[in-house]
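Q: Okay, here's the structure, questions in a sec.
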Amino acid sequence: MQLLRFLKERHPLKKSSAISGPVYVYANQKNAGDLLSAKGIQAAVGVEGAEYLIEDGRPHNFLRSEKTKQRKLIIGGGGLLMDVFEPFWQELLSSGSGYMLFGVGACNIRGRARLLPDKLLKDIVLNARHVRVRDSMTADLIEAACGIKPLRTLCPSVYYVINKYNVTPVKKNKRCRTKLLYVHHRKLVETAGQGENFVKDMVKTICRLNDFIFVETDNMSGNIDKLMGRYIDSDIIISTRLHGCIFSYALNKPFVAVSADSKIDSFAHDYCSSAATDINRISADMLNSIVLQRLSLSPRRDDFLSFVEEIRLAGEFIKKTFLLKEQIRQP
């Protein structure tokens, strides 16, 4: 009942003549993790604005535009503190545009860090009007580079998912067999030193042993409703993707996080009832045992609702201080 009461307090996007519309900046729309994180930010802030996709646009033209300089950029949605986005951040700092960070993260793949240079990271943080990161790993990296520990808030995609997909109870499927969804990130698994199908083969073995129905996705879907339907219709999820874990958590679906990146360990440690499992220490027998243990367990800790409320409060704070420039205390 408490969760249902919370979900009824919706915060849709609202137009306001007192606010100069912001620009919501994120990586791309193909990756469901990036897209739903950006949608969660927009829902929490509650102000309509334009969108700018880093991977699809031309940073120089966009950021050098006089119109852009008059807008306020809210940057967030995915692992934007990765080295692949360095050209965007360099161009952003050169442009002098006003910006803040909400729900951004870093990546630290087993054996291969993909981090921005410390000096650039420091410049990004010190020039931002406000900074909120999605996990303690990212917060620690920023503290090491800048001497400043930023605020940490649960990934905003959770706020979007629970409002859009958890409002009404999900009907129980009448099938007798358990459905297992495998959410894969082949390149991440390979970068961690394993073969492309290393985890997938183990997951299929588990399904054969237990007569489970095997389903898979890579979260790169053009139809978000269809993608989320796969999560909703599954009984348990095994994921090597961060947002496979986050979506399962948002929907209160049992899941097993197989970690090839420290960001997954950090998410599980910060917000979940169970730890992640290291990809380089896993076996089919171990994974099977974990799956059978977790089938009936909620991935959420008792303080789940407080994490979600923090996202809403962060959005309100950003709207009032960054967009309206009111003087209020930080939540």
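Q: Out of region 207-252, which residues are farther than 29 Å from GLY193 by Cβ and touching a residue at least 40 places away in the same chain (Cβ under 8 Å)?
A: GLY222, ILE224, MET228, ILE232, ASP233, ASP235, ALA250, LEU251, ASN252
Q: Let me ask you something else. Applying the selection to region 274-294, what residues are surrounded by fewer than 15 Cβ atoms within 10 Å (Cβ to Cβ) and not charged (D, E, K, R)?
A: Those that are surrounded by fewer than 15 Cβ atoms within 10 Å (Cβ to Cβ) and not charged (D, E, K, R): ALA275, ASN280, SER283, MET286, SER289, LEU292, GLN293.
Q: Give PHE247, PHE304, PHE255, PHE267 a once-over and let me know the one that is surrounded by 14 or more Cβ atoms within 10 Å (Cβ to Cβ), farther than 25 Å from ASN108 by Cα and among the aromatic types (Phe, Trp, Tyr).
A: Just one listed residue meets the conditions, PHE304.
Q: Where residues in region 22-37 are out of contact with any Leu (no Cβ under 9 Å at 6 or more places or on another chain) and hydrophobic (A, V, I, L, M, F, W, C), which of them is surrounded by the fewest Cβ atoms within 10 Å (Cβ to Cβ)?
A: Filtering region 22-37 for residues that are out of contact with any Leu (no Cβ under 9 Å at 6 or more places or on another chain) and hydrophobic (A, V, I, L, M, F, W, C), the one surrounded by the fewest Cβ atoms within 10 Å (Cβ to Cβ) comes out as LEU35.
Q: Looking at this structure, is PRO22 modelled with pLDDT of 90 or more and farther than 23 Å from HIS243 by Cβ?
A: Here the answer is yes, as PRO22 does meet what is asked.
Q: Given the criteria modelled with pLDDT under 95 and surrounded by fewer than 17 Cβ atoms within 10 Å (Cβ to Cβ), does ILE148 qualify?
A: yes
Q: Restrict the check to region 168-176 and report whether at least one residue is assigned to a loop (DSSP other than H, G, I, E, B), on the phi > 0 side of the Ramachandran plot and touching a residue at least 12 places away in the same chain (Cβ under 8 Å).
A: no
Q: Select from region 269-300 the residues that are without any contact (Cβ under 8 Å) to a residue 40 or more places away in the chain and not charged (D, E, K, R) and list them in ascending order.
A: Of everything in region 269-300, those that are without any contact (Cβ under 8 Å) to a residue 40 or more places away in the chain and not charged (D, E, K, R) turn out to be CYS272, SER273, SER274, ALA275, ALA276, THR277, MET286, SER289, ILE290, GLN293.
Q: When you go through (1) surrounded by fewer than 22 Cβ atoms within 10 Å (Cβ to Cβ); (2) modelled with pLDDT of 95 or more; (3) among the hydrophobic types (A, V, I, L, M, F, W, C) one by one for CYS176, which number turns out not to apply?
A: (2)
Q: Starting from region 303-315, keep only residues that are closer than 14 Å to GLY103 by Cα, then list their pairs with residues that are at pLDDT below 95 and outside any helix (DSSP H, G or I) whose Cβ atoms are within a distance under 6 Å, requiring at least 6 positions of separation or different chains.
A: Here the result reads LEU313/PRO331, each pair linking region 303-315 to a residue that is at pLDDT below 95 and outside any helix (DSSP H, G or I).
Q: For region 247-331, give me every one of the helices (runs of 4 or more DSSP H) that falls completely inside it and has 1 or more residues that are touching a Gly at 6+ places or on another chain (Cβ under 7 Å).
A: By residue number, 262-271, 304-318.
Q: Looking at SER37, is it hydroxyl-bearing (Ser, Thr, Tyr) and modelled with pLDDT under 85?
A: Against the criterion (hydroxyl-bearing (Ser, Thr, Tyr) and modelled with pLDDT under 85), SER37 does not qualify.
Q: From the list LEU93, LEU120, pick out the single residue that is at pLDDT below 95, surrounded by fewer than 18 Cβ atoms within 10 Å (Cβ to Cβ) and over 14 Å from ILE54 (Cβ atoms).
A: From the options LEU93, LEU120, the qualifying one is LEU93.
Q: Those residues that are under 23 Å from the mean Cα position of the chain (by Cα), in a loop (DSSP other than H, G, I, E, B) and aromatic (Phe, Trp, Tyr), I need them from region 182-236; list them, please.
A: none
The values are calculated or read from the model by the stated rules, or taken from the named source; none is laboratory data. Quick caveat: nothing in here was measured; it's all calculated off a predicted structure. Heads up, the Cβs are rebuilt from the backbone with ideal geometry, glycines too, and the neighbour counts pull from every protein chain shown.
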